[in-house]
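Asker: For reference, the structure I am asking about is given below.
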């Protein structure tokens, strides 16, 4: 538990003290396209560090039909649906072709985005190249699974089968200070 307090202090002294007025915490969930080595965004959520507003989340429709995925991609997608984020391939209410435009609009004026995992940071950088993107792991943020295992709130997550949607993950990290 001492180690978690160290992370909390590091988070408070680095990310929460970010001087930029428009800094966001972000999380994304989606599916990896093996055949084309691309990432398909399904859910993205943002939280402004300087405002008390609720997080904003967007859920996108799939960019292609299920039948267009390879068998390996279908298998991986089903595993992610059942064991990781719980987001069904066919879920979503926003057409996928609007992804770039929505991200540009909702990050207008944003100077810095904090996100967990280097790969996710790179995916966001590819879409938003003019915004400073920082991986919170570089500031010592522990894996969410470790935080949950050390915290009483992990019971809540296990009640839902262990799925981790972007909105929950990002909000939970913010509340815990990591």
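Asker: Could you identify the single residue in 125, 146, 120 that is surrounded by 14 or more Cβ atoms within 10 Å (Cβ to Cβ), more than 22 Å from residue 32 (Cα to Cα) and at pLDDT 55 or above?
Answerer: 146
Asker: Filter the helices (runs of 4 or more DSSP H) completely within the stretch 1-114 down to those with at least 1 residues that are touching a helix residue (DSSP H, G or I) at 6+ places or on another chain (Cβ under 9 Å), modelled with pLDDT of 85 or more and farther than 28 Å from residue 138 by Cα.
Answerer: Helices (runs of 4 or more DSSP H) meeting the threshold: 71-83.
The values are calculated or read from the model by the stated rules, or taken from the named source; none is laboratory data. All of these numbers come straight from a predicted model, not from anything done at the bench. With ideal geometry, Cβ positions are generated from the backbone for all residues, glycine too; neighbour counts draw on all protein chains shown.
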